[in-house]
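The values are calculated or read from the model by the stated rules, or taken from the named source; none is laboratory data. Source: prediction; values computed, not measured. So basically every Cβ, Gly included, is an ideal-geometry build from the backbone, and we count neighbours across all protein chains shown.
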Amino acid sequence: MKTESGQIQVYTGDGKGKTTAALGLAMRAIGNGLKVGMIFFDKGGAYYGERKILDDLKKDGLQYQVFGLPRMTAGKGFRFKNEPGDLAEAQKALALAKKWIKSDLSLLILDEVNTTIKTGLLKLENVLELIGLKPEKLELVLTGRYAPPEIIELADLVTEMKPLKHYINKGLGARPGIEY
C-alpha cells in the first residue's frame, strides 16, 4: 500500500467542525513529528481560543499565520459583510500560501480558503493555481463552507459537515471555547 504521497483534503459544508477537524489533524501530524503549517485566511482578531495552544505547538514544528480583519467581535456577534481591508488580507494569505506550499512542510492547512472564494476575496483560479503547486508528498487541507465543484473534483478526500441538529436554533449564541 502506498503511504508516501500527500493527498488533498477538503472539509466543507454548513455544519460545525471544519476548522476543528483540521486542528485535530494538525495535532496528530505534530505528534508524529511532522512539520505543519496553517494559514487562517479570514479569521483575524483575538477571539479564537485555539491560538493560545497553537503558540505552544510552535516549538514542536507548527507554523501558523492569521489573516483577515476581525469578524468575531465581543458583544456584537459575527460580521458577515466584507470590508475594504479584507481583500488585502486575503491576498497576503494567498502569497504566504504560495511560499509555504514550496517549503518542507508535511501538512499545509488553508483554513476558510473555500469561503474566501465564495465571498469574492479570492478568485477560484488563484486557488486552483495554488493547488497545482502542491508537491507530491505534501498533505493539503482546504476548509470552509461553499467548496467549489472544481476543488471538490481535485480533492482526494471530501468531508461535508452537515448539521442535523444545532443548538443555535434554540437561541444559543457562539460560546468561547466551544465555537471560537
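Annotation: of all residues in region 55-96 being of a type in the set (A, V, I, L, M) and modelled with pLDDT under 90, the one that is surrounded by the most Cβ atoms within 10 Å (Cβ to Cβ) is MET72. All conditions but one from (1) of a type outside the set (Ser, Thr, Tyr); (2) at pLDDT below 90; (3) in a helix (DSSP H, G or I) apply to LEU25; the one that does not is (2). Against the conditions (1) part of a helix (DSSP H, G or I); (2) surrounded by 16 or more Cβ atoms within 10 Å (Cβ to Cβ); (3) not β-branched (Val, Ile, Thr), GLN9 satisfies every one except (1). When every residue of region 147-170 is checked against the conditions, none turns out to be farther than 12 Å from ILE8 by Cα, surrounded by 12 or more Cβ atoms within 10 Å (Cβ to Cβ), of a type in the set (S, T, N, Q) and modelled with pLDDT of 95 or more. Residue under question is VAL127, and the condition is that it be assigned to a strand (DSSP E or B) and modelled with pLDDT of 95 or more; does it hold? Here the answer is no, as VAL127 does not meet what is asked. Just to be sure, is GLU179 part of a loop (DSSP other than H, G, I, E, B) and at pLDDT below 95? It is true that GLU179 is part of a loop (DSSP other than H, G, I, E, B) and at pLDDT below 95. Applying the selection to region 130-156, what residues are closer than 17 Å to MET38 by Cα, in contact with a strand residue (DSSP E or B) (Cβ under 7 Å, 6 or more places away or on another chain) and outside any helix (DSSP H, G or I)? Matches in region 130-156: LYS134, LEU138, GLU139, LEU140, VAL141, LEU142, THR143, GLY144. Taking first residues from region 136-157 that are over 16 Å from LYS18 (Cα atoms) and aromatic (Phe, Trp, Tyr) and partners that are crowded, with 18+ Cβ neighbours inside 10 Å and at pLDDT below 95, no Cβ contact under 9 Å between residues at least 6 apart in sequence or on separate chains turns up. Summed over region 97-124, the residues that are closer than 30 Å to ASP60 by Cα and either touching a Ser or Thr at 6+ places or on another chain (Cβ under 8 Å) or part of a loop (DSSP other than H, G, I, E, B) (or both) give a count of 12.
Return yes when GLY177 is on the phi > 0 side of the Ramachandran plot, within 17 Å of the chain's Cα centre (by Cα) and small (Gly, Ala, Ser) and no when it is not.
Answer is no for this residue.
In the condition set (1) under 15 Å from the mean Cα position of the chain (by Cα); (2) of a type in the set (Val, Ile, Thr); (3) farther than 20 Å from ALA97 by Cβ, ILE131 is compliant with all but (3).
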